[in-house]
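These notes are about the structure you will find just below.
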Amino acid sequence: MSARDDFDVVVVGAGAGGGAMAWRLVQQGLRVLLLDAGPAFDPATDYPLDRADWESRHFPVKPGSRGQYTFAPMQGLEAAHDDLRSWNRVQGRLNRGDRRLPAGPGYHHVRGIGGSTLHYTGEAHRLNPRAMKLRSEHGVGADWPLDYTALEPYYLEAERLVGVAGPDATGDRWRSAPYPLPAHPLCRASQWLAVGAGKLGWRWEPNPRAALSRPYDGRPPCNYCGQCNRGCPRGDKGSADVTFIAKARASGRCEVRPDCTVVGLVVSGRRRIGAVDVVDGTGQRRRIDTPALVLAGGAIETPRLLLLHNMQHPRQAIAADGGQLGRNLLESTGWTSVGLAPEPLASHGGLPSDAICWDFNRPDARDGVVGGFRLSAAVHEADMTGPIAYARRAVPGWGKGHQAAVRKALGHAVAVAAIGEYLPHPGSFVDLDPSARDRHGLPLARIHSFNDARAVRLLAEMARSCRLLMQAAGVEDLVEEYGNYDYYSAAHVFGTCRMGTDPSSAVVDADLAVHGWENLLVCDASVFPSSGGGEAPTLTLQALAIRAADRLASRLFGKTV
Amino acid sequence: MPSNPPRFTRRQALGLAAAALAGLVLPAGATETEREGTGQDWAARTAPAIDAFCDTLLPADPPAPAATALGVPAQVLAIAQDNPNLRRLFDFSLQWLDQSAGGRFDEVDAATRHGLLEAMAALPWEAPPRRFFHLMRDMAMGFYYAHPEALGEARLPPPQPGGYFESLP
């Protein structure tokens with residue numbers, strides 16, 4: 001069954017990229033259908049942070065809200081890097097095997113209206129301009145096909161829409177206007193770490209955050225409950241559902257359909273998409289015609305959809321020219337050190353990741369290893385805020401002594417996280433699993449990940465820096481550390497539909513159009529040629545989306561920007 | 001048992017159970033679980049030992065109540081009773097405790113129970129009772145501290161609707 005829904009553009013994936021794309025397209029007067037395979041979430045009922053058992057409830061898993069995928073076997077672990085293995089004071093070593101493993105689901109994401117912004121912390125970073133020229137300036141990875149100057153106006157637009165609260169200092173990231181809102185105050189735990197950073201001569205400053213520091217655009221300010229990652233019931237966090245998508249809907253020109261899985265792409269004419277095949281929440285399959293298609297399912301699902309199409313329709317293969325589809329999978333290299341401060345700091349509250357150090361963010365910040373990293377306050381992202389976490393992970397033993405120790409330790413936790421550059425490697429890519437299939441009978445994506453010697457060297461630098469900062473801050477009592485050496489754990493994945501000027505080495509161009517396919521765009525982090533030195537990708541993706549929407553509206557629909 | 005048990009909960013507890021069972025090999029014929037009725041029958045029979053185990057981990061420490069007063073053992077058993085592999089792990093480990101105690105684990109005094117748990121926690125990771133100990137500790141702590149009463153006077157209000165402005169200077 002084919003339906004003429006009379007949309008100008010169909011966007012597949014209602015996360016950060018798809019949401020921003022949809023918003024800008026309706027601003028241009030276009031009619032948009034925004035599809036997502038996952039459900040809609042209701043902040044008032046889905047994020048019950050007012051319940052006594054709040055700590056038991058992580059971000060909700062609803063039917064269809066997690067994509068399916070598999071992992072190829074990962075590399076073995078070496079005794080030489082034992083100091084990079086994850087541990088905590090209660091259990092000792094967390095991965096007791098001799099091989100790297102996925103941590104829980106491994107790829108941490110949300111499918112649904114708002115996508116992973118629903119559970120994200122809400123860091124609103126601009127990419128360091130120096131991280132956009134890795135190939136030309138450092139001989140590794142790939143260059144971005146556009147520069148920071150081209151993106152700056154779109155960064156500003158995204159920041160205004162979301163209501164980013166940030167500091168006056170700009171560092172490497174020049175700005176044409178201030179942040180829309182003043183920075184948040186640092187919580188007591190972050191101020192504790194600031195003392196340590198000061199001793200080391202490191203700059204420890206407010207982190208730009210997509211959480212309101214003042215009432216803004218009809219939304220209330222943050223009240224520092226510290227639980228952004230469990231979902232924000234107030235709407236002060238700038239997740240895509242309460243910002244871009246809400247505004248797109250309000251225009252009357254954007255229809256949002258949750259629980260709709262795209263199972264096929266329909267090519268119409270030479271190198272042109274004509275429709276998508278969709279299975280809706282009732283199981284009904286329908287074909288939706290579209291003049292233009294934007295894929296925004298993320299760096300795992302978007303290449304999967306294209307690889308599936310190419311497997312089923314080899315003569316109409318998409319993005320197959322350069323052989324790059326699914327390759328260049330980048331993840332976020334991470335390390336976290338958690339400890340207990342000697343004084344109570346009420347660290348269960350505060351704004352997550354409210355403070356950051358950019359001193360090592362440039363690609364050449366450390367001698368002997370290409371790739372930057374950043375450090376940030378991380379006690380909330382480490383989920384060391386409630387008594388369950390303290391009892392299970394930080395305070396060893398049991399019995400009355402243990403109960404007293406848990407009560408005493410509460411509010412003392414501090415944590416530092418480092419997130420760093422991950423470079424392309426032939427061993428890191430996405431392909432189709434030869435045996436595992438979804439409920440539609442289609443092969444699942446399979447994630448391959450490999451840490452090469454450079455990645456391990458950078459991780460060691462990151463771990464050393466976290467430990468140094470904790471020590472300088474007087475947090476001698478480390479209780480847990482974890483990182484990407486022995487676990488695959490990624491919320492940010494990139495690169496599998498790389499953006500570039502040359503079709504032989506890239507999937508999409510600087511306007512996010514698939515090379516050679518005028519009406520097919522990719523608008524998610526799969527287009528990132530490099531991961532950056534620990535910057536959260538959401539704001540950059542939204543800036544790219546807004547820019548690409550303008551280009552698409554102009555090119556295909558004659559709209560003027 | 002409280003009228004509205006927390007939901008630590010089934011999904012998280014099952015995740016812990018899967019981790020505890022990963023790579024674990026129980027000796028063939030080590031337990032007789034499969035001959036003995038339904039999961040509910042098994043839970044009823046196992047309850048005294050699990051009550052004692054949970055209250056050893058989390059005894060009454062006024063004003064904080066014991067694990068049994070908050071219904072923790074029942075929540076643990078509800079997870080295990082539907083999973084034959086978990087039931088076998090429980091049975092094997094509780095037999096280890098009984099043998100080590102020289103009688104029923106739930107009938108020895110508190111100091112002896114504490115010592116038995118120390119011995120269990122010190123076993124090699126590959127030993128099923130060691131896995132059982134960590135699984136029990138994780139589940140019991142998770143269910144127990146989901147109750148605000150568990151913190152006694154140190155209890156925190158939930159994050160919303162008031163937030164935590166005390167975390168700011």
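Throughout, read-outs are computed from the coordinates displayed, never taken from laboratory work. In this text, all values refer to a predicted model and were calculated from it rather than measured experimentally. Using ideal geometry, Cβ is built from the backbone for each residue, glycine included, and neighbour counts are taken over all protein chains shown.
Quick notes on this structure:
- A count restricted to the range A:527-561 and to residues that are of a type in the set (Val, Ile, Thr) and on the phi > 0 side of the Ramachandran plot stands at 0.
- When every residue of the range B:118-131 is checked against the conditions, at least one turns out to be out of contact with any helix residue (DSSP H, G or I) (no Cβ under 9 Å at 6 or more places or on another chain), more than 9 Å from chain A (Cβ to nearest Cβ), part of a helix (DSSP H, G or I) and surrounded by fewer than 24 Cβ atoms within 10 Å (Cβ to Cβ).
- Checking every residue in the range A:315-328 against the condition of being more than 30 Å from A:His515 (Cβ to Cβ) and within 24 Å of the chain's Cα centre (by Cα) gives zero matches.
- Residues satisfying the stated conditions in the range A:179-208, i.e. more than 14 Å from chain B (Cβ to nearest Cβ) and out of contact with any strand residue (DSSP E or B) (no Cβ under 8 Å at 6 or more places or on another chain): A:Gly196, A:Gly198, A:Lys199, A:Leu200, A:Gly201
- Count of residues meeting criterion [without any contact (Cβ under 8 Å) to a residue 60 or more places away in the chain and either assigned to a helix (DSSP H, G or I) or in contact with a Gly (Cβ under 6 Å, 6 or more places away or on another chain) (or both)] in the range B:55-72: 3
- Every condition in (1) more than 14 Å from chain B (Cβ to nearest Cβ); (2) in contact (Cβ under 8 Å) with a residue 60 or more places away in the chain holds for A:Gly76 except the one numbered (2).
- Residue count for the range A:222-235 under the criterion of being more than 10 Å from every other protein chain (Cβ to nearest Cβ) and assigned to a loop (DSSP other than H, G, I, E, B): the result is 2.
- Meets criteria (among the hydroxyl-bearing types (Ser, Thr, Tyr) and in a loop (DSSP other than H, G, I, E, B)) for A:Thr336: no
- Residue ID - surrounded by the most Cβ atoms within 10 Å (Cβ to Cβ), chosen from residues in the range A:398-412 that are charged (D, E, K, R) and within 7 Å of another protein chain (Cβ to nearest Cβ): A:Arg407
- Taking the listed residues A:Leu94, A:Leu181, A:Leu146, A:Leu186, the one that is within 22 Å of the chain's Cα centre (by Cα) and among the hydrophobic types (A, V, I, L, M, F, W, C) is A:Leu146, with no other qualifying.
- Qualifying positions in the range A:44-67 - in a helix (DSSP H, G or I), buried (at least 18 other Cβ atoms within 10 Å of the Cβ) and either within 12 Å of chain B (Cβ to nearest Cβ) or of a type in the set (Phe, Trp, Tyr) (or both): A:Trp54, A:Glu55, A:Ser56
- Helices (runs of 4 or more DSSP H) contained entirely in the range A:123-217, each with at least 3 residues that are touching a residue at least 40 places away in the same chain (Cβ under 8 Å) and surrounded by 15 or more Cβ atoms within 10 Å (Cβ to Cβ): A:148-162, A:188-200
- Total residues in the range A:260-290 satisfying the condition of being part of a loop (DSSP other than H, G, I, E, B), in contact with a Gly (Cβ under 9 Å, 6 or more places away or on another chain) and not basic (Lys, Arg): the figure is 4.
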